[in-house]
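*Asks:* I'd like to ask some things about the structure below.
Nothing in this text is a laboratory measurement; each read-out follows from the coordinates by a stated rule. Computed from a predicted structure; not experimentally measured. Because the Cβ atoms are built from the backbone with ideal geometry, glycine has one as well, and the counts that use them run over all protein chains shown.
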Amino acid sequence: MNAFPSRQRSRNRLMLMAIFALFLGGLLVAGALRFSGWHPAAMKNRGELLQPPGDLRALVPRLADGRAYRWSPEARLWRIVIAPPAACKQACVALARDLDTVWQLFGKDAGRVHILWIGAPPAGAKRNPATRIVVPTAQLRAGLPRLHGSPGEGTYDETGPGVDRRGVPVYVIDPNGFVVLRYAPGFDAAGLRADLSRLLKLM
């Protein structure tokens, strides 16, 4: 009489143990992957997440026309920032073209992104309604981590064949004035678009 309930209880107990083992195993695998530094491809930043971020909150840059450029967090504006050397010509023209394409692909969110050129862009560089020309200062340039490159990135040079972006990193500044992402010279503009598209949705 009790054989069937006993078998049913055993089966239920085994099922519970299997579910628990699957749950615990999943947590262990997720934890191992997390601590090893692995993230799903969709969650990875293409740019370098700066830790700690550069802090420009106390700085009020000046635009080329003399007006103050305030961070104004309530406007929820993100900034793509370029601070190239004065000799940057072909590389910066190509970079400006790429950034214009990135900006246009933001679609309805394009109004929440500014492109800040620290110093005058070279002749022929593409400008769009998002472009702001910022007066270069030592304090502003100092707030951009590793502006002059990192080991292995090389130094700026346009004498070689083709377009050379070495020495021209690009940064993303959040609405509060923190420099949160750095893109090494020669980066893929599609990665910048992917990162910033995600950030625009979050904030």
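*Asks:* Rounded, prolate or oblate: pick one for region 50-128, where a ≥ b ≥ c are the square roots of the eigenvalues of its C-alpha gyration tensor, a/c under 1.5 means rounded, and failing that, prolate if a/b is larger than b/c, else oblate.
*Replies:* Verdict is oblate for region 50-128.
*Asks:* So for region 46-202: antiparallel DSSP bridges make up what percent, rounded to the nearest 5?
*Replies:* In region 46-202, approximately 60 percent of DSSP beta bridges are antiparallel ones.
*Asks:* Quick check: pseudo-label points 7 Å beyond the Cα along Cα→Cβ at Ala64 and Ala87, how many nm apart are they?
*Replies:* 2.2 nm
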